[in-house]
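To start, the structure under review is shown below, and the notes come after it.
The values are calculated or read from the model by the stated rules, or taken from the named source; none is laboratory data. Not measured: the values here are computed from a predicted model. No Cβ is skipped: glycine too gets one built from the backbone with ideal geometry, and neighbour counts run over all protein chains shown.
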Amino acid sequence: MISMIERAARDPSVDIDKMERLMLMQERALERRARAAYAEALALMQPELPSVARNGKIEIRDKSGNNVIQSTAYARWEDINDAIKPALAKHGFSLSFKVGMAPDGKITVTGILMHREGHQEETTITLPHDATGSKNAVQAVGSSTSYGKRYTAGMLLNLTSHGEDDDGKGAVQPAVITDEQSGQINDLITAKRANIDAFLKYFRVECVPDLPAKALPEALDMLNRMQVRP
């Protein structure tokens, strides 16, 4: 194709408009082929993706630090990454991430799943800095970034996780709120100057995007009724 274009560029009799239309048709044909190859490879890969054990644990302790009030298990990014790499490589996929900052200062994490034929799909999540558990600023960014990787990889690959004691049974997690709803909750928490640690503890979640969809009405009602803290 490149050699044909070079020859055409040297030939004054060639209809450039026609050549551009032919090139556009060729590009569209290649894009369709790449999308088809992506879809076929993804369909073959997904049955081979394992359910990842929730080996990570987040503990919320009382003020003394001696007693655990709540313990939440989750699949760690390093475990997810190790589990999916063989299947990704086998079927010609690569998974990468872009981390940025939204205009309001929140962290954005974009997961990009690319196939060797050239087609790619991506999804983005916007997250607040995870300041739970007395994290410093650097730890807060790192924690939110790690969560963003877990979340976007799960969305792109339809991953599931399981506890150590359920052997992968019942691994599908409850439906959670959307990015827009998560932003709405975070905006209310900021506006009301609410204690985010107390909010997360009440709903037994690691961070706001983990809030189950069925808990959204209660969360909104609670925050809307709350008086602005001094």
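Of all the listed residues (GLU31, GLU20), the sole one being loosely packed, with under 11 Cβ neighbours inside 10 Å, assigned to a helix (DSSP H, G or I), under 42 Å from the mean Cα position of the chain (by Cα) and modelled with pLDDT of 75 or more is GLU20. Comparison of ALA41, ALA8 shows that the only residue that is modelled with pLDDT of 90 or more and either closer than 30 Å to SER161 by Cα or surrounded by 11 or more Cβ atoms within 10 Å (Cβ to Cβ) (or both) is ALA41.
From the list THR126, THR108, which one is modelled with pLDDT of 90 or more, of a type in the set (Val, Ile, Thr) and farther than 30 Å from LEU44 by Cβ? Spell out how you get there, then give the answer.
On the way: THR126 fails: modelled with pLDDT of 90 or more.
Checking each option against the conditions leaves just THR108.
Of all residue pairs spaced 6 or more apart or on separate chains, none has beta-carbon atoms under 9 Å together with a first member in segment 11-30 that is over 17 Å from GLY118 (Cα atoms) and assigned by TED's automatic domain parsing to the domain that holds GLU117 and a second member that is basic (Lys, Arg) and not in a helix (DSSP H, G or I).
Total residues in segment 188-217 satisfying the condition of being part of a helix (DSSP H, G or I), surrounded by 13 or more Cβ atoms within 10 Å (Cβ to Cβ) and not β-branched (Val, Ile, Thr): the figure is 12.
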